[in-house]
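Peer 1: Have a look at the structure that comes next, please.
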Amino acid sequence: MKKHKTSPTIKDVAEYAGVSVKTVSRVINDSSEVKDSTRKKVLDAIEKLGYRPNALAKSLRMKRTYTIGVIISDIANSFFGNVMKGIENVAIKNQYNIIFANSDENIEKEKMYYQFFIEKQVEGMIIIPAPGSQSYLKKHAGLIPMVFVDRKPKDWDGIVVKVNNEEGAYLLTKHLIEVHGYRSIVFLATELDIDPVGERFEGYKKAMEEANLKVRVIEGNRTIEDGCEAIEKVLFSNKPQAIFGCNHVMTLGAIKATKKYSLEVPRDIAVVGFDDFESGDVLRPYLTAVAQDPYKMGEYAAELLFKQITKNEFIKEKEIIIPVELKFRESCGCLYVSNKVVS
């Protein structure tokens, strides 16, 4: 009994149209060397048989995979999800696919996924670096386009799209001190050796030292519950007047702690953060924050990557700064809402 073919091949199309396999290939690749009458016969055969060209085989012949690799550092953080949306939007416009990986802030996982992408012959990569050294990239220096987002790679000179973390944190802390008169402000961090967190701490620290105030930092690790537990430790022992969350996760952790102990924000304690989030201007009190645009960061990073891939452009700028906004709302004691753009 003859075995039934699950899908037609290029040879089937050639036999049906009465032409050579080479002629079918020329039609598929839109070659001008085919007569109109022959082209019509081949296209009719393709439609009749339901033939679909093998995209992988085509890409290998052309030495193209039409694929980029993206490594983010923490899939549980919605900030990085929005970065991904920006990247995806640009990839679709360029008719490229994305292979996505999550390093979970683990440098060894990042290295593993990087090697996996190399083996899959991706045409470029976008990486949000995990803590640790990116010196492993040296072995493929200049061979594959790369762009980094949110953080500079360590021990490697790469193109990075980020925001001015230090300046944003400095101006918000200064606002707490000069406008509201807070003298005791605690900085709630995740891990200070992660670039954006360390830079935000430096901005906070600069404003505090300029005002001759005591610098207080608590590391709350990575989850809302971590932030909540870290703040609980200071609520009943030298309670601060204000809490500055290093990102939206830590800020939510601080808010959770205040609600757990029935503290009213900002009457009993003020809470501000770096990172705005969707419910920041919905939940009461409205949150005062330094707002980033993660979608724009991802979109810009992808545009820079495709300039290298499709246009072979050399990117001179090594650091691209996306502006942030200071959004002054109720959680720090403001009775009004106003914004200030920071480049």
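Here's the yes/no breakdown for (1) open to solvent by 50 Å² or more (accessible area, probe 1.4 Å); (2) in a helix (DSSP H, G or I); (3) at pLDDT 90 or above:
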| residue | (1), (2), (3) |
| --- | --- |
| Pro8 | no, no, no |
| Val24 | no, yes, no |
| Val27 | no, yes, no |
| Lys48 | yes, yes, no |
| Arg52 | yes, no, no |
| Ile71 | no, no, yes |
| Ala76 | yes, no, no |
| Gly81 | no, yes, yes |
| Val90 | no, yes, yes |
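Peer 1: Checking Glu110 against (1) among the charged types (D, E, K, R); (2) under 26 Å from Glu191 (Cα atoms); (3) open to solvent by 10 Å² or more (accessible area, probe 1.4 Å); (4) assigned to a helix (DSSP H, G or I), which test does it fail?
Peer 2: Going through (1) among the charged types (D, E, K, R); (2) under 26 Å from Glu191 (Cα atoms); (3) open to solvent by 10 Å² or more (accessible area, probe 1.4 Å); (4) assigned to a helix (DSSP H, G or I) one by one, Glu110 breaks only (3).
Peer 1: Let me ask something else about it. Here are the criteria: (1) among the β-branched types (Val, Ile, Thr); (2) surrounded by 17 or more Cβ atoms within 10 Å (Cβ to Cβ); (3) within 19 Å of Glu105 (Cβ to Cβ). Tell me which single one Val186 does not satisfy.
Peer 2: (3)
Peer 1: Out of all the residues in the range 298-310, is one or more aliphatic (A, V, I, L, M), modelled with pLDDT under 95 and out of contact with any helix residue (DSSP H, G or I) (no Cβ under 7 Å at 6 or more places or on another chain)?
Peer 2: At the first step, the residues of the range 298-310 found to be aliphatic (A, V, I, L, M) are 301-302, 304-305, 309.
Still in the running and modelled with pLDDT under 95: 309.
Then keep just the ones that are out of contact with any helix residue (DSSP H, G or I) (no Cβ under 7 Å at 6 or more places or on another chain); that gives 309.
Looking for residues that are aliphatic (A, V, I, L, M), modelled with pLDDT under 95 and out of contact with any helix residue (DSSP H, G or I) (no Cβ under 7 Å at 6 or more places or on another chain), one finds at least one in the range 298-310, hence yes.
Peer 1: Answer with yes or no whether Val161 is surrounded by 16 or more Cβ atoms within 10 Å (Cβ to Cβ) and assigned to a helix (DSSP H, G or I). Show your work before the answer.
Peer 2: Working: surrounded by 16 or more Cβ atoms within 10 Å (Cβ to Cβ): yes; assigned to a helix (DSSP H, G or I): no.
It is false that Val161 is surrounded by 16 or more Cβ atoms within 10 Å (Cβ to Cβ) and assigned to a helix (DSSP H, G or I).
Results for (1) in a loop (DSSP other than H, G, I, E, B); (2) of a type outside the set (S, T, N, Q); (3) open to solvent by less than 50 Å² (accessible area, probe 1.4 Å); (4) in contact (Cβ under 8 Å) with a residue 40 or more places away in the chain, shown as yes or no for each residue.
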| site | (1), (2), (3), (4) |
| --- | --- |
| Leu213 | yes, yes, yes, no |
| Asn221 | yes, no, no, no |
| Glu232 | no, yes, yes, no |
| Ala254 | no, yes, yes, yes |
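Peer 1: Within the range 281-294, identify whether any single residue is touching a Cys at 6+ places or on another chain (Cβ under 6 Å) and open to solvent by 10 Å² or more (accessible area, probe 1.4 Å), and answer yes or no.
Peer 2: Within the range 281-294, the subset touching a Cys at 6+ places or on another chain (Cβ under 6 Å) is 288.
Okay, now just the ones that are also open to solvent by 10 Å² or more (accessible area, probe 1.4 Å), so none.
No, every residue in the range 281-294 fails to be touching a Cys at 6+ places or on another chain (Cβ under 6 Å) and open to solvent by 10 Å² or more (accessible area, probe 1.4 Å).
Peer 1: Could you figure out which of (1) touching a Gly at 6+ places or on another chain (Cβ under 8 Å); (2) farther than 30 Å from Ser103 by Cα; (3) not charged (D, E, K, R) isn't true of Val265?
Peer 2: All conditions are met except number (1).
The values are calculated or read from the model by the stated rules, or taken from the named source; none is laboratory data. Since we're looking at a predicted model, the values are computed, not measured. Here the Cβ is made from the backbone with ideal geometry for all residues, glycine too, and neighbour counts use every protein chain on show. Surface areas here come from the heavy atoms of the whole protein model, side chains and all, with no ligands, DNA or RNA. Shrake-Rupley method; radii C 1.70, N 1.55, O 1.52, S 1.80 Å.
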